[in-house]
Amino acid sequence: MTDSSSTPGQQQPEIDTSVAHSARVWNYFLGGKDYFSSDQQAAEMALELMPILVEAARADRGFLARAVRYLAGEAGIRPFLDIGTGLPTANNTHQVAQAVAPESRIVYVDNDPLVLVHARALLTSTPQGTTDYIEADLRDPDKILDGAAATLDFEQPIALMLLGIVNFIVDDTQAHQIVDRLVDAPPSGSYLAMTHPTTEVHGEEVTEAMRQWNQSGAAPICARSRQELARFFDGLELLEPGVVSSSQWRPDPGAATAEVAEYCAVGRKP
């Protein structure tokens, strides 16, 4: 795997271990080991208020696997742009996509230096495909698109993955401008997949957990309603079953489908 975000000999940014980072907290929820004490404290604080966060994290990962299998399989998508990828764990986008279509090309984007360290070591590709990593912030979509164009062919339909990341853009106008910019870049036939926390499920617990998270010094987050998430898909063709809990989007037979405090959707650009 190559890294388009740096050049040989370039000093890598330092990792701030004193402030919790969402990628590392999510890793804790998923049973990983790549986190610091600040992340563990933030995660345990949130879990004390809302134990079902673990189920939400697993539902998010399950949605990723099912959505990517659909996109690489039935939809025939080969380029994937996964922004806010988080720390590598089981069923990463490239593993799911390349298991279906080994020639799939994936670009990951995140802004946590620890993700960059692990991305270089763990996000490997099949010989037929390509996997790359860009260190960038969602708030700079032009940097992301310019970097991704080195690996992905933007003349082909692309799958844009925004899982658990737009909630860090708390201003609605800015959030829509960023998503619109990213969706506008690839051609007709491209797809947008999103997940987003909500207070419409387990409302009091989610509200309090978010309040304490936002007071911790970590990057602020927000919740959005089903209708607010649907607005990001204006102009796109929403796939069935529309905007639903992440556990309820085309679930595998026998899988748990209890609602979690996160909505998801997949839409196609006409």
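The values are calculated or read from the model by the stated rules, or taken from the named source; none is laboratory data. Since this is a predicted model, take the numbers as computed values, not measurements. Quick reminder, even Gly has a Cβ in these numbers, built from the backbone with ideal geometry, and neighbours come from all protein chains shown. Note: areas computed on protein heavy atoms with side chains; ligands, DNA, RNA excluded. Shrake-Rupley method; radii C 1.70, N 1.55, O 1.52, S 1.80 Å.
With respect to residue 265, is the statement that it is aliphatic (A, V, I, L, M) and either closer than 18 Å to residue 138 by Cβ or surrounded by 15 or more Cβ atoms within 10 Å (Cβ to Cβ) (or both) true? Answer is yes for this residue. When only residues in the range 85-138 that are open to solvent by less than 10 Å² (accessible area, probe 1.4 Å) and among the hydroxyl-bearing types (Ser, Thr, Tyr) count, which is nearest to residue 75 (Cα to Cα)? If we take residues in the range 85-138 being open to solvent by less than 10 Å² (accessible area, probe 1.4 Å) and among the hydroxyl-bearing types (Ser, Thr, Tyr), then 104 is nearest to residue 75 (Cα to Cα). Residue 258 meets each of the listed conditions (1) in a helix (DSSP H, G or I); (2) touching an Asp or Glu at 6+ places or on another chain (Cβ under 8 Å); (3) open to solvent by 60 Å² or more (accessible area, probe 1.4 Å) apart from (1). In the range 199-230, of all residues being surrounded by 14 or more Cβ atoms within 10 Å (Cβ to Cβ) and basic (Lys, Arg), the one that is nearest to the chain's Cα centre (by Cα) corresponds to 224. Residues of the range 231-255 that are open to solvent by less than 30 Å² (accessible area, probe 1.4 Å) and either among the polar types (S, T, N, Q) or over 21 Å from residue 68 (Cβ atoms) (or both): 245, 246, 247.
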